[in-house]
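Structure, as structure tokens:
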Amino acid sequence: MTGFRTLSSGLRALQPAAFGADPSGERLARIRRSPHFKDGVFQNPGGNTNVRPSGGTMREMGKSYLDKEQRARRAPDGTLPVHATTLADLAKPAATGLRLTWMGHSSVLAEIDGHRVLFDPVWGERCSPFPFAGPKRLHPVPLPIAALGPVDVVVISHDHYDHLDMPTIKALADTDTLFAVPLGVGAHLEHWGVSADRLRELDWHEETKVGGLTLTATPARHFCGRGLRNTQHTLWASWVVAGDEHRIYHSGDTGYFEGFKDIGAAHGPFDATMIQIGAYSEFWPDIHMTPEEGMRAHLDLQGGQPHGVLLPIHWGTFNLALHAWAEPGEWTADEGEAVGQAVATPTPGEPFEPGGDLTTAPWWRPFGGTITRHWAPPKPVETEPESNPAATPAELDLANER
């Protein structure tokens with residue numbers, strides 16, 4: 001069976017703890033039984049994806065990465081604001097029963113129907129296995145992890161460093177929270193001190209109950225890997241969380257694919273979606289969504305029409321791509337205005353209720369510089385969206401490369 005070659009004992013002793021652990025035993029056997037696992041690797045919906053540029057493209061990308069003018073666009077001009085949220089603020093019940101707090105990047109605290117769900121918590125200073133290298137935060141953490149208060153379940157989308165942060169997991173391991181993770185990812189968490197009885201490890205289309213919530217792992221189009229090789233031996237997923245009154249969706253990292261329509265038909269419509277719209281580039285299609293694709297995915301999830309609230313995630317916190325750092329937020333806001341879809345753009349740490357007043361101020365503009373548009377805004381949605389729109393490129397998770 002390919003895809004599970006292990007390091008020699010000498011090399012294993014030298015690898016950082018943040019690399020995590022490979023699945024073994026019954027966990028490995030369960031992976032091999034998955035209908036989504038073939039030829040030693042997990043398969044993406046719609047077939048394999050290119051997760052790395054070709055040699056020639058790599059050289060072009062290197063030139064763009066080193067260009068002085070473009071590098072300046074990838075960081076804010078000044079200190080970014082964060083909302084001074086306190087434990088007292090978060091202790092107040094949500095008036096509508098649903099409240100979201102974007103902590104930056106893909107980390108979101110969702111308070112839904114009396115339960116608290118924490119998606120992809122990354123409180124570390126860098127998304128990297130090393131504390132001295134790798135992409136560094138563009139803004140501070142809005143509040144200490146301990147200030148969140150009790151969390152019923154932590155949901156992890158996949159094992160890349162900007163979504164699965166060892167120091168954060170270790171801090172949460174000392175609490176009573178449960179962890180819902182894609183198949184195989186539990187090996188990392190157990191390696192870092194999370195007991196097996198607190199893990200809910202799911203394949204696509206499997207669900208688990210946490211209190212009054214139903215959590216379902218749904219497909220995504222991405223890849224995995226933390227160590228020296230990407231053996232595709234842990235699964236990646238998007239997530240549906242359904243309570244008594246509300247439904248929400250977290251995309252994790254994903255390229256656009258037709259499966260969003262199926263997810264929406266099976267589990268939607270949603271009161272709010274948290275959609276990845278950052279770290280895209282023409283150099284690496286299939287893996288991340290552009291703002292245009294992210295809006296298309298949201299509409300697919302909602303049955304083809306504007307509905308609920310879209311919260312853009314996976315932008316503004318780490319420099320993981322070649323585009324201007326504020327471009328994803330600016331373009332997603334434009335997309336929402338063009339199609340009549342509500343888009344929430346809170347500053348990191350600012351709670352909001354999708355059923356109440358939304359924060360839509362473009363807080364990034366004083367720090368973002370000039371955002372040059374190179375595409376025409378879409379036309380408003382009045383009927384069903386076209387069935388086969390032109391694809392736009394998406395981007396690879398560069399955090400795994402650093």
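The values are calculated or read from the model by the stated rules, or taken from the named source; none is laboratory data. Nothing here was measured: the structure is a model prediction, and the numbers come from that model. Virtual Cβ from ideal backbone geometry, glycine too; neighbours counted across all protein chains shown. Side chains are part of the model used for accessible areas, which takes the heavy atoms of the whole protein and leaves out ligands, DNA and RNA. Shrake-Rupley method; radii C 1.70, N 1.55, O 1.52, S 1.80 Å.
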Counting only Cα atoms, I'd like the Rg/Rh figure for the range 280-334, Kirkwood definition for Rh. 0.98
Using a simple spin-label model with points 7 Å from Cα along the Cα→Cβ vector, what separation in nm is obtained for residue 133 and residue 89? 3.7 nm
Over all directions, the average projected area of the alpha-carbon convex hull for the range 180-220 comes to how many nm²? 3.0 nm²
I'd like the distance separating the alpha-carbon centroids of the range 67-134 and the range 320-347, in whole Å. 16 Å
Quickly work out the residue 17-to-residue 147 label distance, labels modelled 7 Å from Cα along the C-beta direction, and quote it in nm with one decimal. 2.6 nm
Computed over the range 115-203: relative contact order in percent, which uses C-alpha pairs under 8 Å that are six or more apart: 29 percent
Share of accessible surface on carbon and sulfur in the range 73-182, whole %, 1.4 Å probe and ligands ignored, is 61 percent
